[in-house]
Every structure is written in C-alpha cells, then in structure tokens.
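The values are calculated or read from the model by the stated rules, or taken from the named source; none is laboratory data. Every value quoted in this text rests on a predicted model; they were computed, and no experiment measured them. Heads up, the Cβs are rebuilt from the backbone with ideal geometry, glycines too, and the neighbour counts pull from every protein chain shown.
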Amino acid sequence: MKRRGKNSPSIPASLAPLGHVKDITAQEVQAIQEKLNINSIRELVAAASNGLLETVPGITAVQIKNIKRAFKLYKTDDTRVPLWDARFAGQELLRILSLFPEVEKVALAGSLRRCKDTVGDIDILIQSTEADRRKLLYKISRMPQTESIVATGPHHFCVILRNHLQADIRLATHKHYGASLLYYTGSVPYNQYLEKLAGDKGFRFGPLGLTASQTGEYVAGEQETDIFRQLGIDYLEPELREDYDEQTYASFYQIPSLITFNQLKGDMQVHTDWSDGTESIAAIARYLSHTFPHYQYIVITDHVSGNRPNHVLPPVDVYRQAAEIDRINGLMGFDYVKKGLETDILENGEPELANDLLEQSDWVTASIHTDFTRDNTDRLIKACEHPHVHCIGHPSGRMISTRPPYPVNWDAVFDAAARTGTALEINSRPNRLDLNDELVHKAISKGVKLVINSDARTLSHFDFVKLGVSVARRGACGKKDILNTGSWKDIEAFKAAKQRLFRP
Ligand SMILES: [Zn+2]
C-alpha cells in the first residue's frame, strides 16, 4: 500500500472503503470524488459500472481493476468458473483457514454456497475475535494460495488466488456470525426480501444482525436460524435464496426437505471401457459398492450405435456385454449392475436402435447428439412417445460457456414427459448441468420425474452426482421428484406404468 504524503487530504468517511483498495492514495480518492462528483460508495459503484473511472486523470487501468475487484464489479463471462472448480478451490481454502487457531468457524457464502452453476468469486466468512484480525490478515496474505491482496477493510480481505480466482474473505464475531452468513450468502434480491420483512416488524437487517429500527438495539444475529425465527419465517436452504416473489418463497416452505446425495439409490448413466469410459464394469461395480454404499444399483449405459465408428459399443456387442454383467452380478450375489444403454435420437425423433435391442434393456436413455442449433421440441416429444425410451439424457444440450442450449418449447416437452411417463435427466457433468435449475423447477411443477446421473467416464466422475444434487436442490426437488431415490422395484414400477399406456 502507498504511504499517505504529509499534506495529503483525508479520505471522507463516506468513501472510506475506497481508501482500503491496494495502491489508491487519498489524493486519488479525492480526484475520483471531484471529477465524478460522488459522495458515497453506492455512487462509486454506479460510476465504476458505467465506465466513468476511466475518465479520471491519473487513475491507471490496474487501479481501476483493483477497485472493481474490491467492490465485486470485476465480472465478465470469462471470470466465472464452473461450480465444480469453485467448490474445489473453496473447500481447499476452508481446510487451510480452519487450521488457523484464530478461526473459530469458517464457511462458504455467496453464490458458491447457493450452488449456482457458475461462480464469479469465492465468498468466505470467518468467525473470529476483533483482536485477531491483524494476525489473520497476515496469515491469509502468507497462505500458499494467495497471489495478492487487492483490498483490506476492517472486516474484509479481497484476495486474488494463484488460480486467478478472487476470494472475498469476511470476518464476523460470534455475535454477528449468523447475520453475516445470511447477508453474504445473498442473493441480493433475497436480502431485499429479508430487509422488507424486517422493516414490517420494526427491525433492520444487515451483516451486523437484526436490530430494532427505533433504538438500534441488537435483536439477533448469532445464527441464521435466530434471524429467520425473529422474522417469523421458516429456514430457507441457501440454494433457494434467489430472485423469487414472496409467494414462491412461501411455496418452498411446503417442501418437506430438499433432496440429499445420501438419498440416491443408484446412478443411471455410466460409461465403461466397452465404449468411451476408462474402467471395466467389474472395477466400477467394486469401486461404487465401496465408495457409495447407499447405492443399491448402477445402470451401465454405454453409448450403443451402429452409425458411429469410434467411442461407441456396436449393437452386436450388447449381448456379449449382458453376459459379462450377468457374470459380475453372479459374483456379487445380486443384480447390482443393470443393463442399460444410451441411444441417439435421430433427426426424425426415433431412437437409432431397433426395438428388440431396446426391449431387452433394463433402462434406455435416449439423447440428442446432433443438430444442436435447430428447435428440437419435436424430436424430444417424439422420443418421449417411444414405448421403449425410459429417459431423455442431457435434454437441453447445453455445454456451459461453450454451447448454448438448442431452442425448445419446454412446456410442450415437459407435458409430453409427464403424459408418457418418461423421465428426464439431470446430467451432473460440471460443464453440462442439464437440465439446469430453472428447467428442473418447471419440470417437477408439471409432475415430471427426474433422474440424477453422473454420466461418468472414469472413477472420479462418480462424484459429479453431488453437483446434480445441487442443481436439483436449486430446482426445489424433494426426494419424491427424483426417480433414482427409489429402489429398483420402484424403477420397474415406473417402467411398467409407461408400458401400460402403450398396450393396445
Ligand atoms: Zn450423451
């Protein structure tokens, strides 16, 4: 940080946080204030967002970047990272921070805690005493993950990590921890909703807690639940704290509880070394039965196609693979491994594979792997209407930040899925997350059943389902909305219900 000169002006209290930004002097704060005629941080944020800082003489591009980072304005599409990467980096920070004796408690906040599918920066909240603040700053600046510290305020360190992500680390004392966690988890519209509820009850809500508007007296703030209780509402899971109206928030309280990873009883899209995976069926079965002991079944769904030369299982080999699955189940003593497949949805909406092959399969997932730009409503509906298709894989076709979803009339597709008893997938691959949270919510409100799958190619990919569970939670799914929280008997019943629709 630059030293203040002898005759330097003092920074007005209303712009004090600007003075905490790296390499910004009081003269420069004054120059910004005078040139842009601003007197509050709110006005500064507006000016920075509108590109006006660039018009202040003497302010460099690096300083502008630091200001934008400190006030969370430095966000472009390419500064957002997939939830999977942000979660990995965030959990690594939590592990390190939790080792510091000054840290009484530490948690993720912001969009990472809300599990948005991409994350702009890593928000972390630490509970510590005021007295330990300087020690903590020193230790955080010396963490191996820290590249630089771009701003420090009394209760906020803005850190650029070596992986180029930004971490906003905030401090709260025991008394304010819950309020700060709630506040810094957001979202902004959800905080506005809480502020309104607080106002109606004669309170004010902020990171320092719930206070009486008249007297400023502290009412609650140690835990999030204390604040919810004082506001007269139920606890709302972080994944649902997005921009909804009051009625929608109220409807969320009716959900008994959101789906959890441990409720899943199986993974229904798994690729092996018979097609484009790296592991044998035997290795996968052994790995999953140890790693995820709550799984009762797994469905092998190698991509079967006669049209493609590579990375697929030729249709003639399906029977050979079935024999191998029988052999493994024999060794395990029960039918843990199910015989599924993934088939292409052709241009006309029909599955590529012949009926006899589909019919003998335990679980058929049909997916669009071609024509990603045209409106695919007709193909998806046609696939739902096929008697032997049980599930539509990665229904929207999006690849986060590389391929937008193709146009689809989702109302029509969800109606078709509900009407025909066809499940839709939440594909959990970090760059897919397809269906996304919004479509998930829409689908279940029309009665569509969803399946959360890893779409794994290798052993580490099986963890992806935890991402899919986050998407389902953001879509307000309870256990009943997710088909693979059921036993295999339940899956058989789901298939039988579809069969009954097609009986002449
Ligand atoms: Zn696929």
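Could you check the range 351-383 and list, in sequence order, the residues that are acidic (Asp, Glu), away from the ligand (no atom under 13 Å from the Cβ) and part of a loop (DSSP other than H, G, I, E, B)? Before the answer, list the steps.
Going residue by residue through the range 351-383, those that are acidic (Asp, Glu) are 352, 356, 359, 362, 371, 375, 378.
Now restrict to residues that are away from the ligand (no atom under 13 Å from the Cβ): 356, 359, 362, 371, 375, 378.
Hits for the range 351-383 are 362, 371, 375.
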Single condition residue 275 does not satisfy, out of (1) within 23 Å of residue 466 (Cα to Cα); (2) buried (at least 21 other Cβ atoms within 10 Å of the Cβ):
(1)
Sole residue being surrounded by 15 or more Cβ atoms within 10 Å (Cβ to Cβ), closer than 21 Å to residue 388 by Cα and among the basic types (Lys, Arg), chosen from 339, 265:
339
Among the residues that make up the range 404-412, is at least one of them under 28 Å from residue 261 (Cβ atoms) and within 16 Å of the ligand (Cβ to nearest atom)?
yes
Mind counting the residues in the range 334-350 that are within 23 Å of residue 488 (Cβ to Cβ) and within 14 Å of the ligand (Cβ to nearest atom)?
4
Boolean, residue 371 is assigned by TED's automatic domain parsing to the domain that holds residue 306, at positive phi and surrounded by fewer than 18 Cβ atoms within 10 Å (Cβ to Cβ):
yes
Apart from one, (1) under 17 Å from the mean Cα position of the chain (by Cα); (2) within 14 Å of the ligand (Cβ to nearest atom); (3) closer than 19 Å to residue 258 by Cα all hold for residue 470; the odd one out is (2)
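Considering the range 304-333 alone, what residues qualify as being within 16 Å of the ligand (Cβ to nearest atom), of a type outside the set (S, T, N, Q) and in contact (Cβ under 8 Å) with a residue 40 or more places away in the chain?
First, the residues of the range 304-333 that are within 16 Å of the ligand (Cβ to nearest atom): 304-305, 307-308, 310-313.
Now drop any that are not of a type outside the set (S, T, N, Q), which leaves 304, 308, 311-313.
Passing the criteria: only 304.
Within the bounds of the range 276-286, is there any residue that is in contact (Cβ under 8 Å) with a residue 60 or more places away in the chain, within 16 Å of the ligand (Cβ to nearest atom) and over 20 Å from residue 388 (Cβ atoms)?
The answer is yes; a qualifying residue exists.
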Among the residues of the range 384-403, is any away from the ligand (no atom under 16 Å from the Cβ) and part of a helix (DSSP H, G or I)?
yes
Test: residue 184 is more than 23 Å from residue 67 (Cα to Cα), of a type outside the set (Val, Ile, Thr), surrounded by 21 or more Cβ atoms within 10 Å (Cβ to Cβ) and in contact (Cβ under 8 Å) with a residue 60 or more places away in the chain:
no
